[in-house]
Amino acid sequence: MTALICPRCQSANPEEARYCHHDGILLDGVREAQKAKAAFPSPFVFKSGLSCPDFKALGKGILAEWDDSRDMLAFADWEGFFTGIGRQDLAQVAAQARLFPDPDRGLDQLICALPGLEIAPGKLASPPEVLDFGTLSIGQNSSANITLDNQGDRLVWGEAFLNDTPWCSLSSEGPLSDRSFRFIRSMGLGIHISGESIRRSGRKLTGSLLIKTESSEFTIQLMAREPDVIPFDGDIFHGAVSPRNIAEKAIKKPR
């Protein structure tokens, strides 16, 4: 049997005690904390060789070995492990996480259920406020990459939306105005402009990108400029840069 140590008076109590026999403090939280710190019958070892002797190490190990941990979730390996150490409650959580439509978020739910962890929720770092593509070129594709960083420990997930920005796409393969994302440490979010859509006008292009997560929301202003019109060279239309200019010059010299 494992004695329960009272956090106030440091006295040992029987494992089944709910209250300290010496000062009467409730011991339910102490029992769970001691269970969380208790070592596994044998360490859990990842494919990389990372060894985890207890729940605290296991939680950090899952974050460090995210891809392998997600594969283990899909193949019910976590259910087998938790059943083997007598934690049917966690085996049930792992089974529910395995059935979650998004495997990354399912694994994140499993981490939340592990006892004794001090792991901060995922937190998206502030991205840049402005993204300026400068002057674009006709027929030449342009792209930029916005780096999203996680300031927390757990999964960051959310969606990105382009607003009033028909000249941009969130995909290099065609028009895409919104997409979901999820990551543990960092990821790149690509913004793409098709060179086929660029005209000589000299106009300024504006819009915005909205990035939303479960706990935060950021707006990035997008800017670009189409190349200037090449002036007409020679004859009476010399210097004209628009149909209006041509009409004005024609009126002055109708013959």
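Where a number appears in this text, it was derived from the coordinates with a stated rule and is not lab data. Just so it is clear, the structure is predicted and the values come from calculations on it, not from any experiment. Note that we place each Cβ from the backbone using ideal geometry, even for glycine, and neighbour counts take in every protein chain shown.
Take the alpha carbon gyration tensor of region 81-127, find the square roots of its eigenvalues, order them as a ≥ b ≥ c, and report rounded if a/c is under 1.5; if not, report prolate when a/b exceeds b/c, else oblate.
Since a/c reaches 1.5 but b/c is at least a/b, the shape of region 81-127 is classed as oblate.
Tell me the label-point distance for the pair Lys253, Ala76, using the 7 Å Cα-to-Cβ offset, in nm and rounded to one decimal.
Placing both labels 7 Å beyond Cα along the Cβ direction yields 8.7 nm.
Hey, quick one: spin label on Ala125, modelled 7 Å out along Cα-Cβ, who in region 144-161 has an amide N within reach, i.e. under 18 Å?
Only 145-158 pass the distance filter.
Along the charge dipole of the chain, pointing to its positive end and built from +1/-1 on Cβ of Lys, Arg, Asp and Glu, which listed residue (Ser169, Ile193, Thr135) has its Cα farthest out?
The residue sitting most towards the positive pole is Thr135.
For Cα Rg over 2.2 N^0.38 Å, several values are listed as (1) 1.67; (2) 1.46; (3) 1.15; flag the one computed from this structure.
(1)
log₁₀ I(q)/I(0) of region 118-164 at q = 0.19, 0.25, 0.29 Å⁻¹, via Debye over equal Cα point scatterers, no solvent, to two decimals?
-0.79, -1.05, -1.18
In region 59-101, if every C-alpha pair distance is counted and binned at 10 Å from zero, what percent goes to each bin?
32, 57, 12
Let me know the charge dipole size of the chain about its Cα centre in debye, to the nearest 20, where only the beta-carbon of Lys, Arg (+1) and Asp, Glu (-1) is charged. Each step should come with its number before you reach the end.
Values: 28 positive and 33 negative charges, 200 e Å.
Charge dipole, the chain, about its Cα centre: 960 debye, nearest 20.
If you average 1/r over every pair of different alpha-carbon atoms in region 25-149 and take one over that average, what Kirkwood value in Å do you get?
This gives a value of 17.2 Å.
Mind telling me which of Lys47, Lys123, Lys212 comes out most flexible in a GNM of the chain, alpha-carbon contacts under 10 Å?
Lys47
Calculate the translational D of region 166-209 in whole µm² s⁻¹ from Stokes-Einstein, where the hydrodynamic radius comes from the Kirkwood formula applied to all Cα pairs, the temperature is 10 °C and the viscosity 1.306 mPa s. Mind dumping the intermediate values first?
Values: Rh = 12.4 Å.
D = 128 µm²/s.
What does the charge dipole of region 85-145 about its Cα centre add up to, to the nearest 20 debye, if the Cβ of each Lys and Arg holds +1 and the Cβ of each Asp and Glu holds -1?
220 debye
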